[in-house]
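Below: one structure, written as structure tokens.
The values are calculated or read from the model by the stated rules, or taken from the named source; none is laboratory data. In this text the structure is predicted, and so the values were computed from the model without any measurement. All Cβ positions, glycine included, derive from the backbone under ideal geometry; neighbour counts span all protein chains shown.
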Amino acid sequence: MNVDGVINFLKPSGMTSHDAVGYMRRLLKIKKIGHTGTLDPMAAGVLPLCVGRGTRIVEYLIEDNKRYRCELRLGLTTDTLDVWGVKTGGRGDIAAALSESAIIDAVCSFTGALQQIPPMYSAVKIGGKKLYEYARKGASIEAPPRDVYIKSIIVKKVNLCDLSLIFDVECSKGAYIRSICRDIGDKLGCGAVMSGLVRLNSGAFAIEDSFTADELEHAVAEGRGAELLTPIDRPLSRFIPVEIDSEDDCRKFVNGLAMNTEILRFSETADTTNTAADKKFRDYYRVYGSFRGIERAFLGVGRIEEGKLHADKVFIGSTI
């Protein structure tokens with residue numbers, strides 16, 4: 001089976017992202033597998049797993065926006081910022097007196113460029129150690145705020161009876177949904193924690209196209225594992241595609257020679273919805289050409305500097 005690509009795994013609640021990688025390594029019998037951004041153990045949803053040569057695009061995909069559906073409970077605070085932590089406080093009386101409109105206004109105020117303090121129980125590193133390592137030893141470390149971008153928050157449901165609400169949020173890499181819940185609770189003066197989380201999208205990958213563990217195991221047992229792999233170039237939709245017409249020029253590109261942009265045919269279509277990633281990869285392109293008998297082969301990712309196309313990563317033999 002061809003083991004180069006990306007699997008859109010539907011991670012179940014209770015499994016760590018590290019465990020998901022281990023599970024896929026055992027299932028596919030291949031060591032070269034990596035994920036594109038940690039998903040909390042108690043969260044479920046989309047966890048793209050890059051396989052084989054697909055691991056070489058992790059650095060591109062890790063910058064993708066993520067979209068979540070979050071359930072929040074008002075009137076409670078915990079050490080982990082979710083309902084599974086140790087209770088530290090909260091004001092249920094204040095939460096019970098809130099109106100639906102006040103709650104919605106508070107939630108929707110957390111959009112745009114923000115500074116966010118990450119949870120103590122997180123993988124953010126301070127002084128060479130992860131925050132959760134300090135937390136597990138009872139140490140309290142003041143983590144500096146980080147710049148994040150919240151593209152949108154949409155409140156889906158407010159339940160004043162049990163002081164809960166559901167909202168969808170699209171955010172940049174590095175944003176913690178538990179921290180958003182904490183900040184909403186602080187703004188309302190009653191405290192709040194995350195009580196449920198599902199990742200709906202990670203870049204080009206959507207939950208409706210994801211595969212459960214059972215589906216993956218059945219497909220592999222039936223010899224259909226290759227059908228579950230997304231080709232390497234497909235998630236790179238933010239990179240405008242360019243084509244090289246000459247096979248000789250294709251050979252030069254894959255051998256690392258800089259190419260004059262005059263020989264390239266540019267397409268104007270690209271998915272540019274992630275502000276941070278678009279800025280970082282502004283001059284990057286997907287490069288195609290007919291090469292080694294493959295029509296419109298995906299040659300690799302190139303970047304344009306000073307009017308010349310340079311190969312950033314070469315994937316000769318991959319096709320769309």
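Checked against the criterion of being touching a Phe, Trp or Tyr at 6+ places or on another chain (Cβ under 6 Å) and not in a loop (DSSP other than H, G, I, E, B), region 221-236 has at least one qualifying residue. Among residues of region 288-299 that are closer than 18 Å to residue 312 by Cα and modelled with pLDDT of 85 or more, those with a beta-carbon under 9 Å from a residue that is charged (D, E, K, R) and part of a strand (DSSP E or B) at least six positions away or on a different chain give the pairs 288/243; 288/296; 289/243; 289/296; 298/286; 299/286. Filtered by the rule that a residue be at pLDDT below 70 and either among the charged types (D, E, K, R) or within 17 Å of residue 173 (Cα to Cα) (or both), region 261-287 gives 268, 271, 272, 273, 274, 275, 276, 277, 278.
Return yes when residue 129 is loosely packed, with under 14 Cβ neighbours inside 10 Å and either over 18 Å from residue 192 (Cβ atoms) or touching a residue at least 60 places away in the same chain (Cβ under 8 Å) (or both) and no when it is not. Yes: the conditions hold for residue 129. Is there a residue in region 49-64 that is part of a loop (DSSP other than H, G, I, E, B) and either among the aromatic types (Phe, Trp, Tyr) or surrounded by fewer than 23 Cβ atoms within 10 Å (Cβ to Cβ) (or both)? Within region 49-64, one or more residues are part of a loop (DSSP other than H, G, I, E, B) and either among the aromatic types (Phe, Trp, Tyr) or surrounded by fewer than 23 Cβ atoms within 10 Å (Cβ to Cβ) (or both).
Answer yes or no as to whether residue 122 is closer than 30 Å to residue 208 by Cα, in contact with a helix residue (DSSP H, G or I) (Cβ under 8 Å, 6 or more places away or on another chain), assigned to a loop (DSSP other than H, G, I, E, B) and without any contact (Cβ under 8 Å) to a residue 60 or more places away in the chain.
Details: closer than 30 Å to residue 208 by Cα: yes; in contact with a helix residue (DSSP H, G or I) (Cβ under 8 Å, 6 or more places away or on another chain): yes; assigned to a loop (DSSP other than H, G, I, E, B): yes; without any contact (Cβ under 8 Å) to a residue 60 or more places away in the chain: yes.
Considered against the rule, which asks whether it is closer than 30 Å to residue 208 by Cα, in contact with a helix residue (DSSP H, G or I) (Cβ under 8 Å, 6 or more places away or on another chain), assigned to a loop (DSSP other than H, G, I, E, B) and without any contact (Cβ under 8 Å) to a residue 60 or more places away in the chain, residue 122 comes out as yes.
Taking the listed residues 216, 257, 200, the one that is more than 28 Å from residue 174 (Cα to Cα), aliphatic (A, V, I, L, M) and not in a loop (DSSP other than H, G, I, E, B) is 216, with no other qualifying. When 90, 45, 5 are checked against the criterion of being in contact with a strand residue (DSSP E or B) (Cβ under 8 Å, 6 or more places away or on another chain) and over 28 Å from residue 221 (Cβ atoms), a single residue qualifies: 90.
Can you say whether residue 113 is closer than 19 Å to residue 179 by Cα and free of Cβ contacts under 8 Å to residues at least 40 places away in the same chain, as far as the supplied structure shows? It is true that residue 113 is closer than 19 Å to residue 179 by Cα and free of Cβ contacts under 8 Å to residues at least 40 places away in the same chain.
Filtering 214, 249 for residues that are over 28 Å from the mean Cα position of the chain (by Cα) and more than 16 Å from residue 301 (Cβ to Cβ) leaves a single hit, 249. Residues of region 127-185 that are β-branched (Val, Ile, Thr) and at pLDDT below 90: 141 alone. Going by the conditions given, is residue 204 over 22 Å from residue 79 (Cα atoms), hydrophobic (A, V, I, L, M, F, W, C) and surrounded by fewer than 15 Cβ atoms within 10 Å (Cβ to Cβ)? No; evaluated as a whole, the condition is false for this residue. There is no residue in region 103-118 that is among the aromatic types (Phe, Trp, Tyr), over 24 Å from residue 164 (Cβ atoms) and either out of contact with any strand residue (DSSP E or B) (no Cβ under 6 Å at 6 or more places or on another chain) or outside any helix (DSSP H, G or I) (or both).
Checked against (1) among the hydrophobic types (A, V, I, L, M, F, W, C); (2) in a strand (DSSP E or B); (3) in contact with a Cys (Cβ under 8 Å, 6 or more places away or on another chain), residue 181 meets all criteria but (2).
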